[in-house]
Amino acid sequence: MRTFKRRYPPWMIGKPLLYASSALASLGDAMFGYSQGVIAAAQIQPSFIKRMYGPSLTLQQVQSGDNGVNPFLQAIVVACLNITALLASIASAYVCDKLGRRASVRGGAFIYFVAAIIQIFMPNLATLFVGRCIQGIGVGMLSMTVPILQCEIAPGHGRGLFVSIEYFFLNSGYALSAWVGYGFFFKMPSEIAWRGPYIVQAGLAAILFIWTFYLPETPRWLIQHGYREEGLQVLADLHGSGDISDPLIVRQFVDMETTILLENKLGQVTWGELFRFYPRRVMVGVSCQQFAQTNGINALLYFLPENLARAGFTLDRSLLYAGACALIYCAGTIPTMFFIDSWGRRPFLLYGSIGLAASLAAMGGLQFHSDKIPDGPARLPTADGYFAAVCVYLFIFGATWGPGPWLLSAEIFPVRARAKGMALATSTNWLFNFILAFITPPLFAVIGGGFYFILLASCLCGGFMVWKFYPETSGRTLEELGDVFGDGKVDVPIDEKVDGHRVVGREEVREPGPLVDAASGLVASSEATLPVDGMASGQLQVKSLAESESSGKLGKGN
C-alpha cells in the first residue's frame, strides 16, 4: 500500500500551503508558455538557422523574410511538439487516475528536463526534432494534470482565481522566454544566443520536479483511492489550520466522500460512456479548447518576432516588442483572477470574442497596408499600429479565451470522468494547436494579412457557441455541477442480494448532486438511495459517511 507522508513544513499549513501549491504546480504551465517563446526567438537568429536548416544568412536577409528555409519544414519543427503533447495528454488520463495528480506532474517535469538537456547540446535539426517531441510529452502531461490539480485543491468559490493563477504563470513563462531570448540575442553570433534560453528551461523543470516531493496530493484523489485519513488531513491543511475536527472541514469531507462513494459505485467511465453519459459536458470541454486555438493565439505567439519583423520592425526591435507584448499578455490575466468567479465565465468569453474579432480585423488591415509599402522607415507608422493591435489582442485573450477554456475543461466533469474528460479537452487543444502551428507559415506566405480574417471568423463562431450552449458554472462546488448540466441517468451493472434473492442486471442511477444544504451548511442526508429497475420492493443503498461527523470516526478505509 502506498503512503502519502506530509513533507511540507508545518508553518505552511493554511493559505500559504494552498497558494504555494497552486503557484508552484503552475510552473508546469509556465514551462509550456516558455516553450512557445523560446522557439519563436530562435527562429530568427542566423546562427540557429545555419545550424538547423543550412543556409548562411545575414540579419538583413532574415528580417526581409528571405531566409531560404522551406516554410513547411519550419512548420513541422514548431508543430511536432503539439502532436506528442496531444498523445501524452490522452495517456496521462491513466497516470493521473492510477498514480495521482502529483505523480503525473512529477513525471511531466522530469521528461521536460530531459528534453531541455537534449536541446542545450543539440548539434542538428534531427536532434531539435527529437528534443521537441520529447518536450511535447512533458508539456502534454503537465497541461492535462495541472488544471485538474488546481480545481481539486481550490475552494468552490475560488476555482476561477486558481486556474487564472495557472494561466498567469503560463503567460509569465512566455514573457520570461521573450525577455531571455532578447537578452541572449546580443550574444550573437555565438550559439549561446539560442542555447542559453534552453539552460533556463532546464532550471524551471528542475525546480518543479523537486517541488513535487513536497506538493500535497489532492484530497479528492486520496479519498477516491481509499486514503481517507490522508485526504482529511490534506483538506484540513489546505483549507483550515490543520485541525481535522474543525466542523467546516468535516462537513467538506463528508460531502466530498459521499459524492465520491456514489461515483465509485458507478465506476470509472469508459471513453464511450464519456460521450454517452456526459454529451453536453463533452461538447463544452471540446469546443472551448478548439476555439481557444482557432481564435489565433498560437498563430501569433509561435511566430511573434517574425510577424513583427514582417510588419516593418528591425529584428532587435521585434524581439524587444515581443517582450513588451508578453508583459501585456500577462497583465490581461490579472482582472480575470478577481472577477471571473463573481461575474461568471460566460460574460468573459462572450465579450472576449467580440474584442478579439475587432483586434484581428485591425491586424489584418494593417498587414495588408504594410505589404504595399517598400521596406524601410516608411513602414514604421503602420508597424506601430500593428504592434498596438497585437497588444490589445493579447490583453483580451489573456483575460478571456486564455484562462476560460482551461477552467471550464477542468471543472465541468465529475470525479469519475475528470481525468478522461480533461484529457479529451486537452488533446483537442493540442490537435488544433498543431494545425495552427503547421498552417500558419504557408498561409502567411500565400494570403498574408487575409489569414487574420480567417481567425476573426472563428472568434465570432466561438462567441455564438458560448451564447447558445454554454451554462454558467461559477459559484458552484464541483459536486453541484451535475444540476447545472442536467445529467440524465446512468446505467450501472449490479449483482446484489436483495431480500434473500440474487439480483443480476443493470440499474439506473442519477449523477450525485449537492449533498450540503447551502442555507444551513448541514449535510442534507446520510445516505443515497438508488432505485433498482425491475424491482417492486427492493432498494440498493449506498451508505455515505455522514454519521462520521457526529461520531468522529474518520479512520482509514480499506
Failed condition for Ile210, given (1) within 30 Å of Gly33 (Cβ to Cβ); (2) touching a residue at least 12 places away in the same chain (Cβ under 8 Å); (3) open to solvent by 10 Å² or more (accessible area, probe 1.4 Å), with all others met? (2)
Residue identified as modelled with pLDDT under 90, charged (D, E, K, R), more than 21 Å from Ser35 (Cβ to Cβ) and not assigned by the TED database to the domain that holds Gln135 among Asp237, Asp255: Asp255
Being surrounded by 23 or more Cβ atoms within 10 Å (Cβ to Cβ) and modelled with pLDDT of 90 or more narrows Leu424, Leu407 down to just Leu424
Which residue out of Ile192, Ile165, Ile153 is surrounded by fewer than 24 Cβ atoms within 10 Å (Cβ to Cβ) and under 15 Å from Ala23 (Cα atoms)? Ile165
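Quick grid of which residues meet (1) at pLDDT below 85; (2) open to solvent by less than 10 Å² (accessible area, probe 1.4 Å):
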position	(1), (2)
Ala25	yes, yes
Pro55	yes, no
Ala75	yes, yes
Ala79	yes, yes
Tyr94	yes, no
Arg102	no, no
Val105	no, yes
Entirely in region 216-272, the helices (runs of 4 or more DSSP H) that have 3 or more residues that are open to solvent by less than 60 Å² (accessible area, probe 1.4 Å), among the polar types (S, T, N, Q) and free of Cβ contacts under 8 Å to residues at least 60 places away in the same chain: none
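The values are calculated or read from the model by the stated rules, or taken from the named source; none is laboratory data. Just so we're clear, the structure is a prediction, and the values are computed from it rather than from any experiment. Glycine gets a Cβ as well: all are built from the backbone with ideal geometry, and neighbour counts include every protein chain shown. Accessible surface areas use protein heavy atoms only, side chains included; no ligands, DNA or RNA. Shrake-Rupley method; radii C 1.70, N 1.55, O 1.52, S 1.80 Å.
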